[in-house]
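Since the structure comes first, as structure tokens, the remarks are kept for the end.
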Amino acid sequence: MPAETHMDGSPLSRDEVLCLIRERLAEILEIEEDRVTLASSFTEDLDADSLALIELVEALEEDLGERTVGFTIDDDDLAELRTVGDAVDYVVARLERAQG
Amino acid sequence: MSAATVASGRGKTPTTRVTVAIDAMGGDKAPDEIVSGALQAVEELDDVAVLLAGPEEAIAPLLPGRARDGVELVPAAEIVAMDEEPAVAVRTKRDSSLVRAAQAVREGRAQALVGAGNTGATMAAALLKMGRIRGIARPAIAVPIPVPGARPQLLVDAGSTVDCTAEWLVQFARMGREYARTRLGVAEPTVGLLSNGEEPGKGDELRKEVFPLLEKVDGFTGNVEGRDFMHGGVDVIVTDGFTGNVALKSIEGALRAAVSLVFGVLESTPDAREAGKVLVPLLLDAAGALDPDETGGATLLGVAGVCVISHGSSSARAIANAVGLAADCVRADVVGRLREAVDAG
């Protein structure tokens, strides 16, 4: 029997991914969600250090891993993710790959 | 929490069994002293069980020949070294003894984590696996500082968060105050900001920025200086993790030097050696309160679970005491009390 590739049957939209990242970052950094925009730089705008980014990665893997079997974030790619927009694009691409 | 209430057959008040997950491979004396300390804890403490995380081939030979109630091995093939970058190590070594132990708490198989290894990694494992208390941006290590003849002071943060914001220091103050209330039995703990002078305007930019914010925290008495350690004038001393760790290590070094000086004098002449026969037992007894092995470790405040971080050179005695401290914190619902204090703040 083929494995389920995602639990609820529909892929997350780009806006939904942004919403999730904003929510998680706001929790991790103890800031208002309004401060997190696509253009926000993790280090310069949000003061997110390496630990905060790893917290975000772990949270996203937990949230999205439940919806999409096989969703992971490659640690080697983290250095390239400088803005929230970069992270959204990356997660959307990884989700598409996992669902592929 | 998977603890069960157990009525002791010795007619005591029922206690809640607490299971403590231990990184059996963390620390200079691991695994021998860590396992020995864990076994002592199970033997001496009421209703405490331990999960020992580490490679089976390293841990099993150290366990008693027969299976013992309250001792369980959690297999883990990897070890986080003392010099590894903490968050990266926790993320990449998912089969390490440290991560397996933290995972056991996350999954409810244990209620507390004890580790004597890489401090930053232990903090990261607790944060990533147990989560944070909502409202707390960064955890802080609370270390009891002995005060001769009086209850200890608390130093917060003793090294968890090196670079702090003013808001984080305020959070440390609130958590430290509640922890002093819960663990030290102080009804209305006082809080001092460690600085380079008592006057309100003293300090670097961070101290100057946080001072007016701390004035809104109940119990805040103002700036304190390094010489206020071990004197009992204030219950909680708040600072950033870098300064706190430097202060802590300075105190440890000064105490070792003072002890060495005293015992050197008592060995210096025949008359001194005679006097030493009377004084040494008294001094050793008094010095017991200054021995970090008697405390067992420091509590990590701000994570959504109990985590005790022990010194890297912890002996079996220290680990046994760390397990006891962890169990006490679980039973006192330290995490719940901190949550309430943060919500109220």
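Among what's in the stretch B:71-102 and is among the polar types (S, T, N, Q) and away from chain A (no Cβ under 11 Å), pick the residue that is surrounded by the most Cβ atoms within 10 Å (Cβ to Cβ). Steps first, answer last, please.
Step one: list which residues in the stretch B:71-102 are among the polar types (S, T, N, Q), which gives B:92, B:96-97.
Going one step further and asking which of them are away from chain A (no Cβ under 11 Å), we end up with B:96-97.
On the way: B:96: 28, B:97: 32.
Residue satisfying both the conditions and the ranking: B:97.
Please specify each residue of the stretch B:194-204 satisfying the condition of being among the charged types (D, E, K, R) and farther than 17 Å from residue B:241 by Cβ.
Step one: of the stretch B:194-204, the residues among the charged types (D, E, K, R) are B:198-199, B:202, B:204.
Matches in the stretch B:194-204: B:198, B:199, B:202.
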For the stretch B:268-282, which residues satisfy the criterion of being of a type outside the set (Val, Ile, Thr) and surrounded by 11 or more Cβ atoms within 10 Å (Cβ to Cβ)? B:268, B:272, B:273, B:274, B:275, B:276, B:279
Can you tell me which residue is nearest to the other protein chains (Cβ to nearest Cβ) among those in the stretch B:122-157 that are within 30 Å of residue B:283 (Cα to Cα), hydrophobic (A, V, I, L, M, F, W, C) and surrounded by 22 or more Cβ atoms within 10 Å (Cβ to Cβ)? B:141
Tally, over the stretch A:44-88, of residues that are out of contact with any Leu (no Cβ under 8 Å at 6 or more places or on another chain), among the β-branched types (Val, Ile, Thr) and either within 13 Å of another protein chain (Cβ to nearest Cβ) or not in a loop (DSSP other than H, G, I, E, B) (or both): 1
Do you know which residues across the stretch B:311-329 are outside any helix (DSSP H, G or I) and open to solvent by less than 10 Å² (accessible area, probe 1.4 Å)? B:314
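For the stretch B:33-70, give me each residue that is charged (D, E, K, R), more than 21 Å from residue B:109 (Cα to Cα) and surrounded by 14 or more Cβ atoms within 10 Å (Cβ to Cβ). Spell out the reasoning first.
From the stretch B:33-70, those charged (D, E, K, R) are B:33, B:43-44, B:46-47, B:56-57, B:66, B:68-69; that's our starting set.
Among the residues that remain, those that are also more than 21 Å from residue B:109 (Cα to Cα) are: B:33, B:44, B:57, B:66.
If the condition is that a residue be charged (D, E, K, R), more than 21 Å from residue B:109 (Cα to Cα) and surrounded by 14 or more Cβ atoms within 10 Å (Cβ to Cβ), then B:33 is the only one that fits.
How many residues are among the small types (Gly, Ala, Ser) and either part of a helix (DSSP H, G or I) or touching a Ser or Thr at 6+ places or on another chain (Cβ under 8 Å) (or both) when one looks only at the stretch A:89-100? Steps first, please.
At the first step, the residues of the stretch A:89-100 found to be among the small types (Gly, Ala, Ser) are A:93, A:98, A:100.
Okay, now just the ones that are also either part of a helix (DSSP H, G or I) or touching a Ser or Thr at 6+ places or on another chain (Cβ under 8 Å) (or both), so A:93, A:98.
Count: 2.
Mind telling me which of the residues B:192, B:203 ends up being free of Cβ contacts under 8 Å to residues at least 60 places away in the same chain and crowded, with 23+ Cβ neighbours inside 10 Å? Give the steps one after another, and end with the answer.
Numbers: B:203 fails: crowded, with 23+ Cβ neighbours inside 10 Å.
Of B:192, B:203, the one residue that is free of Cβ contacts under 8 Å to residues at least 60 places away in the same chain and crowded, with 23+ Cβ neighbours inside 10 Å is B:192.
Which residue out of B:303, B:335, B:323, B:308 is of a type in the set (Val, Ile, Thr) and out of contact with any helix residue (DSSP H, G or I) (no Cβ under 6 Å at 6 or more places or on another chain)? So that I can check it myself, show each step before the final result.
Working: B:303 fails: out of contact with any helix residue (DSSP H, G or I) (no Cβ under 6 Å at 6 or more places or on another chain); B:323 fails: out of contact with any helix residue (DSSP H, G or I) (no Cβ under 6 Å at 6 or more places or on another chain); B:308 fails: out of contact with any helix residue (DSSP H, G or I) (no Cβ under 6 Å at 6 or more places or on another chain).
Criteria check complete, one pass: B:335.
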Complete set of residues in the stretch A:31-56 that are β-branched (Val, Ile, Thr) and open to solvent by 70 Å² or more (accessible area, probe 1.4 Å): A:43
Quick one: which helices (runs of 4 or more DSSP H) lie wholly within the stretch B:53-163 and hold at least 2 residues that are among the acidic types (Asp, Glu)? B:56-59
From the residues in the stretch A:60-84 that are touching a Ser or Thr at 6+ places or on another chain (Cβ under 8 Å) and surrounded by fewer than 18 Cβ atoms within 10 Å (Cβ to Cβ), which one is nearest to residue A:42 (Cα to Cα)? A:82
Within the stretch B:162-185, considering residues that are in contact with a strand residue (DSSP E or B) (Cβ under 7 Å, 6 or more places away or on another chain) and surrounded by 24 or more Cβ atoms within 10 Å (Cβ to Cβ), the one farthest from the other protein chains (Cβ to nearest Cβ): B:180
Quick one: count up the residues across the stretch A:17-30 that are surrounded by fewer than 16 Cβ atoms within 10 Å (Cβ to Cβ), closer than 27 Å to residue B:120 by Cα and away from every other protein chain (no Cβ under 14 Å). 0
Selected residue (criterion: nearest to residue B:165 (Cα to Cα)) from residues of the stretch A:26-80 that are among the aliphatic types (A, V, I, L, M) and in contact (Cβ under 8 Å) with a residue 40 or more places away in the chain: A:36
Residue tally, condition more than 15 Å from residue B:297 (Cα to Cα), crowded, with 24+ Cβ neighbours inside 10 Å, among the small types (Gly, Ala, Ser) and away from chain A (no Cβ under 12 Å), over the stretch B:105-121: 1
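The values are calculated or read from the model by the stated rules, or taken from the named source; none is laboratory data. The structure displayed is predicted, hence computed values, not measured ones. So basically every Cβ, Gly included, is an ideal-geometry build from the backbone, and we count neighbours across all protein chains shown. Side chains included, ligands, DNA and RNA excluded: accessible areas come from the protein's heavy atoms. Shrake-Rupley method; radii C 1.70, N 1.55, O 1.52, S 1.80 Å.
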